[in-house]
Structure formats: structure tokens, C-alpha cells
Amino acid sequence: MTAPFDRVWLNASLATMDGGGTDDPLGVIEDGAIAAKDGRIAWLGRCADLPEGAQAAAQVTDCHGAWILPGLIDCHTHLVFAGDRAAEFELRLKGASYEEIARAGGGILATVRATRAAAEDALLRAAEPRLRGLMAEGVTTVEIKSGYGLDLAAELRQLRVARRLAAELPVEVATSLLAAHAVPPEYAGRRAEYAALVAREIVPAAAASGLADAVDAFTDSAIGFTPEETALVFEAARAQGLPVKLHADQRRDDGGAALAARCGALSADHLEYASPDGIAALAHAGTVGVLLPGAFHVLREERRPDIAAMREAGLRMALATDMNPGSSPALSLLLMLNLGCTLFRLTVAEALLGVTRHAAAALGMADRGRLAPGLRCDLALYRIGRPAELCYWLGGNPCVGRRVVAGR
Ligand code: DI6
Ligand code: FE
């Protein structure tokens, strides 16, 4: 008889993220065990109920009371880039605004210059420690965007680095083409022309390369793209069969949420200025709202996303680092759990669902983000007394184990 399981974890508390309503939103199983076969969760439940013979021929790990969560998912990062913008941080501390710096040719375009000038290997070496830092916290899936190339070759180079990171490290990576992030210097004053180029050439070429899993854009009428330009890029994505995501309503209400909903986007991200109607439209469309408290904090924004409207609408909320050198130099997803609770007033359950189940949905991944039979057995183990500790500490890292299944 073949062994039922090849891995078994015993004596753990499980936060399955597959909970039963308001009493138990995290789906906790105390004194639990989890068993895997061929990289999939084959069984989970109370230790006492472990099937007969479960441990035979399996590699068994005694968790000594640690908590197990599904491997965390950072569903919004720009972690492949060259250089840093610490000098801009200092300028902002002296009163300069993000938009002023961007209009003066700094901001995103400063990182574009550095990233275009960097060789692929140099980009890889710069990105790797950032990714390893997330992995050390129990992150097993990371989304990585381009957007600092802004021409076909440099955008593809960023995406290739993202794929190489996934090939070289035990982590899963989902890539997003963000060529519509800013207007490159050679198109200064010709924003619509650049948006048309993205739609006509860059999106199809990225799709043909197989390097992009999705297409993202930055709708911001001042320093990004108009809803009409964004819609053009999204049509190109749809024509290539690629899902879309959107940086929406971060600094003003540009109608980004409604646009994302209309286009059936996987996620609409930021949403500080999204209106209750826009939020309701997102919920109705099944689009996930991705909250990015790192950018809110670093830019010292005062307008919070309308969490009450999101709850009311039943919008699924995810939480991510937005790791980027300008608005969110955030190297820790655990820290975002704290900021999500303290700055946005999320509950512990909302924050934790935001980096697991709802983050998976924001990436269109149905095979992870919860602990349930049949799903990938990507796990994160923490030495904590209760799940709230993951949101409570500011800094530090209680992750004591992590496992990611190889291959999709
Ligand atoms: N919103 C963001 O949070 C990042 N891009 C965007 O459109 C910021 C990118 C940067 O400042 O480098
Ligand atoms: Fe972003």
C-alpha cells in the first residue's frame, strides 16, 4: 500500500484562513496537524483525529505548539529596481511633495534612469536581498511589477529578473507588466502617444514573451495616465488574454475604482480616494481591494481608504508592501500587518486574510492562500501565542519555518 502522506506537521495551531463566519474568521484548529502528499494538502484537522498510519513513511515535523498559516502572499511589489531615493525622502521631510519631485523629473523617473542603466545581473543582485527578507517572514508567493523600464527592452528585462528570482529561490513569483506607470522622458508632453505605444506594442510583446502574468497601470491624471488611456492599455491586455490590475485612486478620485470594476480587474490597489460607489462597484465585480499602508505612511497621507464602505460592500481586502524605492520602501510584510491595523483600523482577521486568502484572490490564484485539502502545501510557521501577535509587534520576526512547494 502506498503511504497516504509524504509530510506531516504535528502539534501545531492552524489558522486555516478558511473560517466559519464572524465567530472564527481565521478558521482556527487548535492542537492541529496537517499532512501533505505530492505538494498538496491531503489532510488537516486535530492531531487526535490524524488517520491511522498517517506517519508511516512520512517525514514528520513536531511543531511544538507553533502556529501554521498558509504561506504569506505579498500581492503588490515593485521590488526589481536599481538605486534608491533616500535623498528624495529627505527632500520630502523638508516639505517637498511627491508630486513636485515627480514633476521636476525625480520620483519614478529617477528610478527609471537608474534601472535602465543597470545590467540584468545587477538588477537581480539588488532585488534578491529584498525578496529574501520577505521570504524570511514566511512569504511564499510574491507579485513583482515592472514599470521602471518604460520601453520594451527595459520592461522585459525587469520581468526577466523577476522570473529568474523565482527560478533561483524557493518562492513563487507572479509578474505584472506596468509599462503604463509613468511617461518616459522621450515621450515628455506626449502622454497619449506613449499610452498608445504601450497598448499597440509593449503589451503584445510582453504577452508573446511569456514574461507577464498580468498587466497593471497607474491611473492618476497628474503623474500617471487618464482613465481613457488606461482603458486602451487594458483592452490590449484583454486581447492577449492577460488579466489586469490597477493603481487606482491613490492621490485623488480619478474614477479608478469604477474603471477597474468595469474592466473586471483582479485587483484595484491603494484606493485612498475611492468613493463608496467605486468601492461598491469593485465588490460587485469581484475585484479585490489591495490596501497599501506603507505608501500611506511614507507619504504622510491623511486620507484613509474608506474601510467602512469596503466592509459594507463586502469588498475583499488584501494588504501588501508596495515595496518600491519612492512611496513605499517597505521591506517587511509583517510590518504592513501592523500598519494596516493601526493606520487603517483593520481587524487582526482582516489584516491576516489580506496577506493570505484575499492576496491570493488579488493574483487570481485559487490554489493557495488557505489551508484546505487539495491546495498547495505552502506553509509559514510562527512561534507566537496567538495570531494577533503577527499584527502586534513592530519589527522582529517570529517566523520559525517555511515551506514552499516547487513548481506550479
Ligand atoms: N504607486 C505607487 O505606490 C508606486 N507606483 C505607483 O504608481 C510608486 C512608485 C515610485 O514612487 O517609484
Ligand atoms: Fe505600487
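The values are calculated or read from the model by the stated rules, or taken from the named source; none is laboratory data. Remember, predicted model here, so these are calculated numbers, not experimental data. FYI the Cβ positions are ideal-geometry reconstructions off the backbone, even for glycines, and counts take in every protein chain you see. These area figures cover heavy atoms from the full protein model, side chains too; ligands, DNA and RNA do not enter into them. Shrake-Rupley method; radii C 1.70, N 1.55, O 1.52, S 1.80 Å.
Taking amide hydrogens as modeled 1.01 Å from N in the peptide plane, which residues meet the under 5 Å criterion relative to A265, leaving out close sequence neighbours?
none
What do you get for the angle between helix 152-168 and the principal long axis of the chain? Use alpha-carbon atoms, 0 to 90 degrees, nearest ten.
Around 10 degrees separate the two axes.
Count the net charge of all other residues whose Cβ sits under 10 Å from the Cβ of I202, scoring Lys and Arg as +1 and Asp and Glu as -1.
On the way: positive: R200; negative: D151, E155, E201.
Here the count lands on -2.
Would you please give the residues with an amide H less than 5 Å from that of S13, counting only those at least 5 places away or on a separate chain, with H modeled from the backbone geometry?
Result for S13 returns G32, A66, W67, I68.
Taking the Cα centre of the chain as the origin and placing charges on Cβ (Lys, Arg +1; Asp, Glu -1), which of S97, L271, G138 is farthest toward the positive end of the dipole?
Of the options given, the answer is G138.
List every residue whose amide H lies under 5 Å from the amide H of A179, counting only residues 5 or more places away in sequence or on a different chain, with H placed 1.01 Å from N in the peptide plane.
It is D216, by chain and number.
Could you rank the peptides 112-120, 87-95, 187-195 by their average count of other C-beta atoms within 10 Å per residue, with the highest value first?
Numbers: 112-120: 17.3, 87-95: 12.4, 187-195: 14.8.
Ranking, from highest mean packing down: 112-120, 187-195, 87-95.
When all protein chains stay in place, what accessible area (Å², nearest 10, 1.4 Å probe) is found for D277?
120 Å²
Could the peptides 221-230, 391-400 be put in order, highest first, of the mean number of other beta-carbon atoms found within 10 Å of their residues? Spell out each step's value before the answer.
Working: 221-230: 19.1, 391-400: 15.0.
Packing order, densest peptide first, comes out as 221-230, 391-400.
Can you give the Kirkwood hydrodynamic radius for region 10-99, in Å, rounded to one decimal and based on Cα pairs?
Details: mean 1/r = 0.0592 Å⁻¹.
Kirkwood hydrodynamic radius for region 10-99: 16.9 Å.
So what are the ³J(HN,Hα) numbers for region 123-133, from phi and the Karplus equation (6.51, -1.76, 1.60; θ = phi - 60°), rounded to whole Hz, Gly and Pro as x?
Result, ordered by residue: 4, 4, 5, 6, 7, 4, x, 5, 5, 4, x Hz.
From the backbone phi of region 268-277, what are the Karplus-calculated ³J(HN,Hα) couplings (6.51 cos²θ - 1.76 cosθ + 1.60, θ = phi - 60°) in whole Hz, Gly and Pro given as x?
Result, ordered by residue: 10, 10, 5, 6, 3, 9, 5, 7, x, 5 Hz.
Helix 108-117 against the longest principal axis of the chain: what's the angle in degrees, Cα atoms only, rounded to the nearest 10?
80 degrees
Name the shape class, rounded, prolate or oblate, that the alpha-carbon gyration tensor gives for region 25-169, where a ≥ b ≥ c are the square roots of its eigenvalues, rounded holds for a/c under 1.5, and otherwise prolate holds if a/b is larger than b/c and oblate otherwise. Numbers along the way, then the final one.
On the way: a/c = 3.82, a/b = 2.31, b/c = 1.65.
Since a/c reaches 1.5 and a/b is larger than b/c, the shape of region 25-169 is classed as prolate.
Give, as a single signed number, the net charge of other residues whose beta carbon lies under 15 Å from the beta carbon of P25, with Lys and Arg counted +1 and Asp and Glu -1. Could the numbers behind the result be given before it?
Numbers: positive: R311, R316, R357, R370, R386; negative: D18, D23, D24, E350.
Summing Lys and Arg as +1 and Asp and Glu as -1 gives +1.
When you count, for each residue, the other Cβ atoms within 10 Å and take the mean per peptide, how do 383-390, 29-36 rank with the highest first?
Details: 383-390: 17.2, 29-36: 21.5.
Going by the mean number of other Cβ atoms within 10 Å, highest first, we get 29-36, 383-390.
Can you tell me how much longer the chain between D121 and T347 gets when fully stretched, taken as 0.36 nm per residue apart minus their C-alpha distance, in nm with one decimal?
Working it through step by step, the gained length comes to 77.3 nm.
Can you find, among L299, G395, T115, the residue sitting farthest towards the positive end of the charge dipole of the chain, where Lys and Arg contribute +1 and Asp and Glu -1 at Cβ?
Going by the Cα projections, it comes out as T115.
Report the local net charge at C399: Lys and Arg +1, Asp and Glu -1, summed over other residues whose C-beta lies under 12 Å from its C-beta. Please report the intermediate quantities before stating the final value.
On the way: positive: R383, R402, R403; negative: E137, E389.
Local net charge: +1.
With the contact rule set at Cα under 8 Å and sequence spacing of 6 or more, what percent relative contact order holds for the chain? Could you put the intermediate results ahead of the total?
Values: 979 pairs, mean separation 73.9, N = 408.
Answer for the chain is 18 percent.
Once phi is turned into ³J(HN,Hα) by the Karplus curve 6.51 cos²θ - 1.76 cosθ + 1.60 with θ = phi - 60°, what whole-Hz value does each residue of region 10-26 show in order, with x for glycine and proline?
Whole-Hz 3J(HN,Hα) from phi for region 10-26: 10, 6, 10, 9, 9, 9, 6, 6, 10, x, x, x, 5, 5, 8, x, 8.
Any chance you could give the angle, 0 to 90 degrees and rounded to 10, that helix 333-344 forms with the longest Cα principal axis of the chain?
Taking the Cα atoms of the chain, the angle to 333-344 is about 70 degrees.
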